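Student: Below you will find the structure I want to go over with you.
The values are calculated or read from the model by the stated rules, or taken from the named source; none is laboratory data. Nothing here was measured: the structure is a model prediction, and the numbers come from that model. Heads up, the Cβs are rebuilt from the backbone with ideal geometry, glycines too, and the neighbour counts pull from every protein chain shown.
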Amino acid sequence: MKRHSAVLAILLLVTSAAFGQQATPATGDTPASKEDIQKLFEVMQIHQQMRQVMDAMMKQQTAMIDETLKKRYPQTSAEKIARANRMIAETVKDMPMDAMLEDMIPIYQRHFSKGDIDVMSTFYATPTGQKMMREMPALTSESMQASYARMQKQIDTIQQKAEQIVKEDQEKPKSTPATPPPQQKN
């Protein structure tokens, strides 16, 4: 579940950062074709961008998982933590990027017209557009690092609340079915 959430977060981050504008095609505008979207993805080097963002996200997730494991299971060996880190790295490496991009095409088609896509393709082909795309992984990584302490504090609070709920539930006396009062014989 966390992996899917991470992937969704990455996709939202890449697309929202890349398209900081209203996602509604102009009325009456020609719909964007699959080829239009693929051209945009190519100009944006989105495959490479997604890989870089996923790598940055993996580093952040690894740090968070390491810290959580060390807190919750202080007896865990460094080897087990390293093994968990290798599993995370393998999972991220095996993400089907091409299939994920293919899944994104109809979403872009719903939100952007051919005119929108052409304008974005033109922008991302410029030196400023290319710089934005080159800087995006660093921006994402630095933003994640800046928000890490705040996110970890929230995660800790949520974990504490969840543990308290479970603990309270375990401490509740088990309810026994009410026994009817004895019947009086007449």
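Student: Got a number for residues in the stretch 19-34 being surrounded by 13 or more Cβ atoms within 10 Å (Cβ to Cβ) and either of a type in the set (F, W, Y) or modelled with pLDDT under 80 (or both)?
Tutor: Number satisfying all stated conditions: 3.
Student: For the condition within 23 Å of E35 (Cβ to Cβ), modelled with pLDDT of 80 or more and charged (D, E, K, R), what is the one hit in K167, K114?
Tutor: Residue meeting the stated conditions: K114.
Student: Sticking with this one: Can you tell me which condition T126 does not meet? The list is (1) within 23 Å of A56 (Cβ to Cβ); (2) modelled with pLDDT of 95 or more, and all the others hold.
Tutor: Answer for T126: the failing condition is (1).
Student: Another question, if that's okay. Find all pairs meeting these conditions: Cβ atoms under 9 angstrom apart; at least six residues apart or on different chains; first residue within the stretch 54-83 and among the aliphatic types (A, V, I, L, M); second residue not in a helix (DSSP H, G or I).
Tutor: Within 9 Å, the pairs are M54/M95; L69/T76.
Student: Suppose we keep only residues that are among the β-branched types (V, I, T) and more than 20 Å from the chain's Cα centre (by Cα) within the stretch 35-87. Which one would you say is surrounded by the most Cβ atoms within 10 Å (Cβ to Cβ)?
Tutor: Applying the first criterion (among the β-branched types (V, I, T)) to the stretch 35-87 yields 37, 43, 46, 53, 62, 65, 68, 76, 81.
Of the ones still in play, those that are also more than 20 Å from the chain's Cα centre (by Cα) are 37, 43, 76, 81.
Working: I37: 23, V43: 19, T76: 13, I81: 16.
Per the stated criteria, the residue is I37.
Student: Another question, if that's okay. Is at least one residue of the stretch 140-155 at pLDDT 85 or above, surrounded by fewer than 15 Cβ atoms within 10 Å (Cβ to Cβ) and among the β-branched types (V, I, T)?
Tutor: no
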